[in-house]
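Step one of this worksheet: look at the structure below.
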Amino acid sequence: MSSSVPGSVPLPQSRHDLNTYWGRVKHCAEISDPTMLLNSSKDIETAKRMIWDYKNGVIPTMTPELWRAKRVLDSTLHPDTGETVFLPFRMSSCVLSNLVVTAGMLTPNLGTAGTLFWQIANQSLNVAINIENSNKSHPLTTREIATNYTMAVTASCSVALGLNSIVPKLKNIKPNTRLILGRLVPFAAVVSAGIANVFLMRSQELKKGIVVYDKEGKEVGTSKIAAWYAVGETAASRVINATPIMVIPPLILVRLQKSRLLKGKSKTVETLTNIGLIFVTSLAVLPFALAVFPQRETLHASRLEEKFHHLKDEKGNQITELEFNRGI
């Protein structure tokens with residue numbers, strides 16, 4: 001993010017009011033915009049120079065060009081390290097990266113092999129996104145990543161296969177209800193495994209704490225309480241994001257399959273319709289899901305460990321609020 005560029009002049013967090021939900025929605029829509037993927041390495045370096053000029057007093061005020069440069073960096077760089085996030089795992093690539101695996105998971109009548117393949121593919125993508133975008137206070141070792149990945153894949157596959165075997169055996173329910181429940185099995189698997197994935201892949205943050213900062217961006221220590229807020233909110237946002245994407249398209253597809261629009265049509269038409277529904281839903285809901293919790297979270301010092309309750313800044317004033325990067 002642009003906050004990783006050095007300089008003494010504070011950079012506005014956004015052109016929108018991040019203290020309001022609607023302001024965060026508009027901000028998240030900007031950084032998750034797929035067109036941000038079109039920026040080249042040269043565009044990113046140019047944006048860095050422009051933001052550096054502002055933060056070091058060369059440019060006195062924010063201009064439309066500077067806001068554009070900030071948007072480029074916010075959608076490209078990791079807020080802790082300042083490094084470029086690998087392209088498929090940026091928030092601006094979220095819709096496109098998830099499109100294929102989501103369409104695969106929501107394909108009707110997958111069977112055991114298909115269910116296993118797409119659940120593994122989905123968790124592999126989630127692990128990669130978690131690693132690339134998590135708070136970098138305590139990076140995981142390769143062994144920890146492998147262990148947590150295995151546990152997340154096991155959780156998702158167990159839920160998916162377990163529910164797939166249970167739903168057909170349910171009695172005293174209408175065939176249409178059974179059909180709908182079957183289409184919602186991937187949602188249950190994704191939600192349960194998604195929560196486990198976040199907590200597993202960021203377990204070191206919970207054990208050791210994450211870095212917290214004062215309002216000026218100065219590091220003041222690490223907090224386990226802040227880590228629980230960060231990881232918990234990230235897990236909740238995954239559920240919020242997955243719910244409409246994994247629920248709305250399959251329910252609409254069930255209805256379309258019974259209408260003249262899809263009834264009797266080829267498997268190709270049905271698949272393309274499914275992908276289109278997922279794509280449109282993802283584009284529409286992603287900013288709203290990301291905006292539920294602020295990316296740069298602020299907590300009153302009294303809500304953290306006692307060591308933060310009486311901190312003072314360089315001028316001797318008590319520090320009442322502390323910030324941390326929630327991660328994505």
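The values are calculated or read from the model by the stated rules, or taken from the named source; none is laboratory data. What you see is a predicted model; the values in this text were computed from it and never measured. For accessibility, only protein heavy atoms count, side chains too; no ligands or nucleic acids. Shrake-Rupley method; radii C 1.70, N 1.55, O 1.52, S 1.80 Å.
If you average 1/r over all unlike Cα pairs in the range 120-221 and invert the result, what Kirkwood radius do you get in angstrom?
The Cα-based Kirkwood calculation yields 15.7 Å.
What whole-number value in Å² describes the accessible area per residue of the chain for a 1.4 Å probe?
50 Å²
Grab the eigenvalues of the alpha-carbon gyration tensor for the range 65-195, scale each by 5, take roots, and send me the semi-axes largest first in whole angstrom.
Each semi-axis is the square root of five times an eigenvalue, giving 35, 18, 11 Å.
Using only Cα atoms, tell me the angle between helix 267-290 and the longest principal axis of the chain; keep it within 0 to 90° and round to the nearest 10.
Relative to the chain, helix 267-290 is tipped by roughly 30 degrees.
Probe radius 1.4 Å, ligands and nucleic acids ignored: give me the carbon and sulfur share of the accessible area of the chain as a rounded percent.
It is 61 percent, rounded to a whole number.
Please work out how much accessible surface D33 shows to a 1.4 Å probe, ignoring ligands, DNA and RNA, in Å² rounded to 10.
Solvent-accessible area, nearest 10 Å²: 40 Å².
Heavy atoms of the protein only, probe of 1.4 Å, neighbouring chains included. What is the accessible area of F117 in Å², nearest 10?
Answer for F117: close to 120 Å² accessible.
Mind grabbing the base-10 log of I(q)/I(0) for the chain at q = 0.07, 0.14 Å⁻¹? Debye formula, identical points on the C-alpha positions, no solvent, two decimal places.
Log-scaled intensity ratios, in q order: -0.33, -1.13.
For the range 1-84, what class follows from the C-alpha gyration tensor (a ≥ b ≥ c being the square roots of its eigenvalues): rounded when a/c is under 1.5, otherwise prolate if a/b is larger than b/c, else oblate?
Oblate is the answer for the range 1-84, as a/c is 1.5 or above yet b/c matches or exceeds a/b.
Tell me, what is the 1.4 Å probe accessible area of Y21, in Å² to the nearest 10?
Answer for Y21: close to 100 Å² accessible.
Wrap a convex hull around the Cα atoms of the range 179-294, take a quarter of its surface area, and give that in square nanometres.
Mean projected area for the range 179-294: 9.1 nm², to one decimal.
Any chance you could check the Cα centroid distance between the range 87-131 and the range 196-249 for me, in angstrom?
If you average the Cα positions of each part, the centres end up 21 Å apart.
Taking the radius of gyration and the Kirkwood hydrodynamic radius from Cα positions alone, what is the Rg/Rh ratio for the range 56-132, to two decimal places?
1.22
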